[in-house]
Structure formats: structure tokens, C-alpha cells
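Peer 1: So that we are looking at the same thing, I have put the structure below in C-alpha cells.
The values are calculated or read from the model by the stated rules, or taken from the named source; none is laboratory data. Because the structure is predicted, anything quoted here is derived from the model rather than measured. In this analysis, Cβ positions are derived from the backbone assuming ideal geometry, glycine residues included, and neighbour counts consider all displayed protein chains. Remember, those area values only see protein heavy atoms, side chains included, never the ligands or the DNA or RNA. Shrake-Rupley method; radii C 1.70, N 1.55, O 1.52, S 1.80 Å.
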Amino acid sequence: MIPVPRADHSFDWSFHGPKLVESLGETLYMVGATLLVGGALGLVLGLALYTTRRGGLLGNRGVFAALNLVVNVFRPIPFLILLMVIAPVTVFLLGTRLGSSAMVVAMSFAATFGVSRIVEQNLVAIDPGIIEAARATGASRWRIITTLLVPEALGPLILGYTFVFVAVVDMSALASIIDGGGLGAFALDYGYKRWNFAVVWVTVVVIILLVQAAQALGNHLSRRVMHR
């Protein structure tokens, strides 16, 4: 019978503290870069889905069907499997499939399709009458897209991106399983693998505080936008 290691419930701030700060920085880097890249690409893809759908500003059934199929194919893939699928692309771009920067490639890819659906769903909720009124004034399609659609849905979009932030934090933790770094790797390497659950719980608290801060900021910005 394999002996079970004795649990250690101590968090040594002199040893674990600097590593926790370093891991938090890696997580913020992965999450920030993913939101920047995946958020921008997802916004473009979501706008494309909305505007090319039947009756849209750029209505094109073929283009919409192709984009919709791509999103439906890649969006449901579990992130850990997606990491393996994207690995050759990551190696081609960065020369490695390990580390925080390598994880950003797969995380951005996954976030793009998730964000696109959020963007599309929020744009669909816009009153069609507003768009028709803009078209009646002679506004171009590009102007309507850039100066009407996005600003009109900005409040809900901020809440949507806040939700994506939480999902991306979750992805960054999963990335630690294949040497992605961040808080997930910290909890795994210095907590779970060493049977030190104090490290695990401190990491959980840090993640909760991080998510709560992001949610509070998202709620605040959304309220300001929608009440302006």
C-alpha cells in the first residue's frame, strides 16, 4: 500500500510569497493578452456574424453560414484538448508550446469564438428601428457599424467581456497542467503536489479576489455607459 504523504497546512510567506506574486503576474499577463487579442478578434467575428445574417447590413447567407459553422466547430472543443490541437501552430509561431506566451495563443483562439457569440447575441438585441433610422438618414453601412452598433451595445458588451475575463482566468489555470505557468501552476506545484493545501487555499482566495475586482469594475463601467 502506497503511504499517503502527511498534509502540510503552512504557507511560508518568505518562500511562497514571492512565487505567488510572480505567478499572479503570469496569470495577469496571460489573461490581459488573451482579452486583448481574443477580445478584438471576437469583436470583429461577432460583428461579421451579425451583419451578414439574413436581413443584416451586409446580409450574405453563404458568408454567414461559413462563419457560423466555424464558430460552432471550434467553440465546443474542451480547452485542454484545444491546447493539444493548437500546439503545432504555437510552435510554428513562437518556437515552443510551453510557457505563458505559448498559452496565450491557444487561449486567444478559444476566446475569439466565445467572444464572437457574446457580441452577436448583444447586437441582435439592438432595436432594428434604430438601424433603419440611421440608414434613412443616409449613413453608410461602415458608419452604422462603427458609430452605432458598438456604442449602442457597449454596456451589455462590457458585462459580456467581464464574463469572458472569468472564463479566461479559468483557462489560464487549466493551462498550468502543461507547464503554462500562472496561479494554476503555483497551486499545483507548490500546493497539491506537495500536499500543502494552505498554498491551494491561498491561491483560491487570490483568484476569488481577482475575479471579484474584475466583476465590480465591469459592473461599474457598464452602469456608467448605460446611464449616460
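Peer 1: Which one is right for this structure if Cα Rg over 2.2 N^0.38 Å is calculated from it: (1) 1.22; (2) 1.30; (3) 1.01?
Peer 2: Correct label is (1).
Peer 1: Now for a different question. If amide H atoms are built 1.01 Å from N in the plane of the peptide, which residues on other chains or at least 5 residues away come under 5 Å of the amide H of residue 196?
Peer 2: Residues meeting the amide H criterion: 8.
Peer 1: Per the 1.4 Å probe, what fraction of the accessible area of the stretch 58-163, in percent, lies on carbon and sulfur atoms? Display every interim value, and only then the final one.
Peer 2: Details: 3850 of 5760 Å².
For the stretch 58-163, the apolar C and S fraction of the accessible surface comes to 67 percent.
Peer 1: Next question, about the same structure. About the Cα centre, and with charges only on the beta carbon of Lys, Arg (+1) and Asp, Glu (-1), how big is the dipole of the chain? Nearest 20 debye, please.
Peer 2: Numbers: 16 positive and 11 negative charges, 137 e Å.
Dipole magnitude for the chain comes out near 660 debye.
Peer 1: Another question, then. Set Lys and Arg Cβ to +1 and Asp and Glu Cβ to -1, take the dipole of the chain about its Cα centre, and tell me which of 176, 128, 90 lies farthest positive.
Peer 2: About the Cα centre, the residue reaching furthest to the positive side is 128.
Peer 1: Same structure, new question: Which residue, chosen from 13, 64, 199, occupies the Cα position most advanced towards the positive end of the dipole of the stretch 13-225, where the dipole is computed from +1 (Lys, Arg) and -1 (Asp, Glu) charges on Cβ about the Cα centre?
Peer 2: 64
Peer 1: Sticking with this structure for a sec: Beyond 14 Å, what share of the Cα-Cα pairs of the stretch 141-228 is found? Please give it as a whole percent.
Peer 2: 71
Peer 1: Also, I was wondering about something else. May I ask you to compute the full-extension gain from residue 127 to residue 89, defined as 0.36 nm times their residue separation minus their alpha-carbon distance, rounded to one decimal in nm? If you can, show how the numbers build up before the last one.
Peer 2: Working: separation 38, 0.36 × 38 = 13.68 nm, distance 4.06 nm.
So the chain would gain 9.6 nm between residue 127 and residue 89.
Peer 1: Using Cα-Cα distances under 8 Å and only pairs 6 or more residues apart, what relative contact order does the chain have, in percent? All intermediate terms of the calculation are to be shown ahead of the outcome.
Peer 2: Values: 262 pairs, mean separation 68.3, N = 228.
About 30 percent, as a whole number.
Peer 1: Need one number: nm distance between label points at residue 140 and residue 154, each 7 Å from Cα along Cα→Cβ, rounded to one decimal.
Peer 2: It is 2.2 nm.
Peer 1: Per residue of the stretch 205-210, in order, report the coupling 6.51 cos²θ - 1.76 cosθ + 1.60 (Karplus, θ = phi - 60°) as ³J(HN,Hα) in whole Hz, putting x for Gly and Pro.
Peer 2: Those phi angles translate into 4, 4, 5, 4, 5, 4 Hz.
Peer 1: Taking only protein heavy atoms and a 1.4 Å probe, what accessible area per residue, in Å², does the stretch 13-225 have with all protein chains in place? Could the numbers behind the result be given before it?
Peer 2: Details: 11080 Å² over 213 residues.
Accessible area per residue: 52 Å².
Peer 1: Still on this structure: How large is ³J(HN,Hα) for each residue in the stretch 113-126, as worked out from phi by the Karplus curve 6.51 cos²θ - 1.76 cosθ + 1.60 (θ = phi - 60°), to whole Hz, x for Gly and Pro?
Peer 2: Per-residue couplings from phi come out as 6, x, 5, 4, 5, 5, 4, 4, 5, 6, 6, 4, 6, 5 Hz.
Peer 1: Choose one answer from 15, 197, 109: the residue with the largest mean-square fluctuation in a GNM of the chain with alpha-carbon springs under 10 Å.
Peer 2: Highest fluctuation among the options: 15.
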